[in-house]
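Peer 1: Pasting a structure below so you can have a look.
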Number of protein chains: 2
Amino acid sequence: MSETAIVRGEEELFARTAHLFAAADEVACAANDLNTWAASRRQHTSEQHGAVRVRKIYRPGVLLDPGTVAHLRDRERHGADIRLTTDEINETIIIDRRLVILAGDVVDGVRSYSVLTRPELVQGVSSLFEAAWRGARPLAGYSAEFAELRLLAPKILDMLASGSKDETAARTLDLGVRTYRRKVAELMSALGATSRFQAGVRARELGLV
Amino acid sequence: MSETAIVRGEEELFARTAHLFAAADEVACAANDLNTWAASRRQHTSEQHGAVRVRKIYRPGVLLDPGTVAHLRDRERHGADIRLTTDEINETIIIDRRLVILAGDVVDGVRSYSVLTRPELVQGVSSLFEAAWRGARPLAGYSAEFAELRLLAPKILDMLASGSKDETAARTLDLGVRTYRRKVAELMSALGATSRFQAGVRARELGLV
DNA sequence: TCCAGTCTGGCAGGAAGTTGCCGATCGGTG
DNA sequence: CACCGATCGGCAACTTCCTGCCAGACTGGA
């Protein structure tokens, strides 16, 4: 593999980097949802509990999905270090401080990935990751805060995604309009959105709708 | 393959049905975006111009993306029959009126597909497809209507997705607020959305943001 | 029981978004 | 040039959304 490779599709990425994941001592990862690096998970789930250090940064929005939270907790029990940040982060994996994978855009339905091994680049990306890591907060801190929102979130997202007005959505969910709107506001804050359109985009990105 | 199979992931779907696409005389397809059946495209793009009948139904929202439109036009030149409908449609492929593929939900990042061969099921799905087909309008009819919106749509979607207020977005795009809002309304209508949240979800689904 | 903290939901006032109306402007066309 | 149609964008009335305020309900201690 040359110093900079473009890989098209997660299948191919996985095929070409599986051995690296298998042998990794340290994996650092930033992602917006659980799906992005799903392929890589096939590895370190079963094997690799020992000395390997796994750090992951997500956005708080992932806490809105019960399944996702359960999964993250499970990963923590397996030794992974998980933090959350409200910053915009590009999806990134750094393996053993020697190789970087940056997720690119989706073209014709397949996502492309840049695989970098050039030391300066890896160093640069790593330093950015470290900065983001320091600025991120541990999972536990957010977790409680979102516990009750998580119960209602799927229903509220459904109502929002169906194009209902607040009035009817609140009635449907048997809530006061004020309470419904409070929940929507919390939801938007969790998604880091400042408009409902943006919230819709983010919710879809996270697979919440 | 039994009468009803569940296939996980587009790769596997493609692997198991590629020979069917290659030999197909008639393909009917309903999708919300171009990506869904992307794998199937690897087939009938190059080969198969002769007697094979290809019908596709999309939603008007696909017209908002210039690249998508160009692609659809190209497919039409290659003999495909393309129509648009404002109805909600589940993503479906019917091959030679003998086999049906229904797209399911995304779980852990991979989409599942149901492959049906049981004649009653295929017959039932086909009849629904035919009904939708009759209710759908040809691409050409919409195409002109969206021509000018398409130019502005990407910018407007960017502004919306960035969480800007109408006021600032309009200033940024050098439009009057009234005009900006008019465009947003047209956009939402094209997406079949009745709220901005819903529009955000749909736009994301179509990969427009 | 009483208290403190939390969640609820009505109300109100304001911000943001939606829409009809209409005159101004621009690019053809007769 | 006059006319026509289409678009633009300001205005205004209206709807929807956002949020601070606060009283009432509920909960878990002390």
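The values are calculated or read from the model by the stated rules, or taken from the named source; none is laboratory data. Small disclaimer: the values here were computed from a predicted structure and weren't measured. No Cβ is skipped: glycine too gets one built from the backbone with ideal geometry, and neighbour counts run over all protein chains shown. For accessibility, only protein heavy atoms count, side chains too; no ligands or nucleic acids. Shrake-Rupley method; radii C 1.70, N 1.55, O 1.52, S 1.80 Å.
Peer 1: Using a label point 7 angstrom from Cα along Cα-to-C-beta, what distances in nm, from shortest up, separate B:R182 from the other copies?
Peer 2: Nearest first, the other copies' label points are 4.2 nm away.
Peer 1: Okay, next question. Return the aspartates and glutamates within reach of A:K56: Cα separation strictly under 12 angstrom, same-chain partners fewer than 8 residues apart disregarded; answer none if there are no such residues.
Peer 2: A:E26, A:D33, A:E76, A:D81, A:E91, A:E130
Peer 1: Just tell me, in residue order, which DSSP H segments of chain A are both 20 angstrom or longer along the helix axis (alpha-carbon based) and at least -0.5 in mean Kyte-Doolittle hydropathy.
Peer 2: Membrane-span-like by this rule: A:119-135, A:139-161, A:177-191.
Peer 1: Report, to the nearest whole %, how much of the accessible area of the protein assembly as shown belongs to carbon and sulfur atoms, 1.4 Å probe, protein only.
Peer 2: Answer for the protein assembly as shown: carbon and sulfur cover 51 percent of the accessible area.
Peer 1: Under 19 Å from the Cα of A:K183, which aspartates and glutamates turn up, not counting those fewer than eight places away in the same chain?
Peer 2: Straight-line reach from A:K183, under 19 Å: A:D65, A:E145, A:E148, A:D158, A:D166, A:E167, A:D174.
Peer 1: Sticking with this one: Inter-copy label distances at A:T86, 7 Å along the Cα→beta-carbon direction, one decimal in nm, shortest first?
Peer 2: Distances to the matching label points in the other copies: 4.0 nm.
Peer 1: A further question follows. Using a simple spin-label model with points 7 Å from Cα along the Cα→Cβ vector, what separation in nm is obtained for B:T168 and B:E12?
Peer 2: It works out to 4.6 nm between the two label points.
Peer 1: In addition: In µm²/s, what is D for the protein assembly as shown at 10 °C and 1.306 mPa s, where D = kT/(6 pi eta Rh) by Stokes-Einstein and Rh is the Kirkwood radius from Cα pairs?
Peer 2: The Stokes-Einstein estimate is 68 µm²/s.
Peer 1: Can I ask one more? Which distances, in nm and shortest first, link the A:K165 label point to the same label point in every other copy, taking 7 Å along Cα→Cβ?
Peer 2: Copy-to-copy label distances for A:K165: 2.4 nm.
Peer 1: What residue in chain A has the Cβ closest to the axis turning A into B, and how close is it in whole Å?
Peer 2: Looking at chain A's Cβ atoms against the axis toward B, the nearest is A:G200, 1.
Peer 1: Starting from the Cα-Cα distance between B:S189 and B:E145, subtract it from 0.36 nm times their residue separation and give me the gain in nm to one decimal.
Peer 2: 14.6 nm
Peer 1: In deg cm²/dmol and to the nearest 500, what is the mean residue ellipticity at 222 nm of the protein assembly as shown if only DSSP H runs of at least 4 residues count, each as -39500 (n - 2.57), divided by the residue total?
Peer 2: Only helices count here, giving -16000 deg cm²/dmol.
Peer 1: Reported to two decimal places, what Rg/Rh ratio describes region B:143-205 when computed on Cα atoms with Rh from the Kirkwood expression?
Peer 2: Result for region B:143-205 is an Rg/Rh of 0.94.
Peer 1: Count the DSSP beta bridges whose two residues both fall in the protein assembly as shown, then state the antiparallel fraction as a percent rounded to the nearest 5.
Peer 2: 70
Peer 1: Sticking with this structure for a sec: If amide H atoms are built 1.01 Å from N in the plane of the peptide, which residues on other chains or at least 5 residues away come under 5 Å of the amide H of A:V107?
Peer 2: Amide H neighbours of A:V107, under 5 Å, 5+ apart: A:S112.
Peer 1: Can you tell me what share of the DSSP beta bridges in chain A is antiparallel? A percent to the nearest 5 is fine.
Peer 2: The antiparallel fraction comes to roughly 70 percent.
Peer 1: Can I ask one more? Taking only the alpha-carbon positions of region B:90-184 and ignoring solvent, what does the Debye formula give for the base-10 log of I(q)/I(0) at q = 0.10, 0.12, 0.14, 0.19 Å⁻¹?
Peer 2: The computed values of log10 I(q)/I(0) come out as -0.54, -0.69, -0.78, -0.88.
Peer 1: Return, for the Cα atoms of chain A, the radius of gyration and Dmax in Å, separated by a comma.
Peer 2: Over chain A's Cα set, Rg and Dmax evaluate to 18.6, 60 Å.
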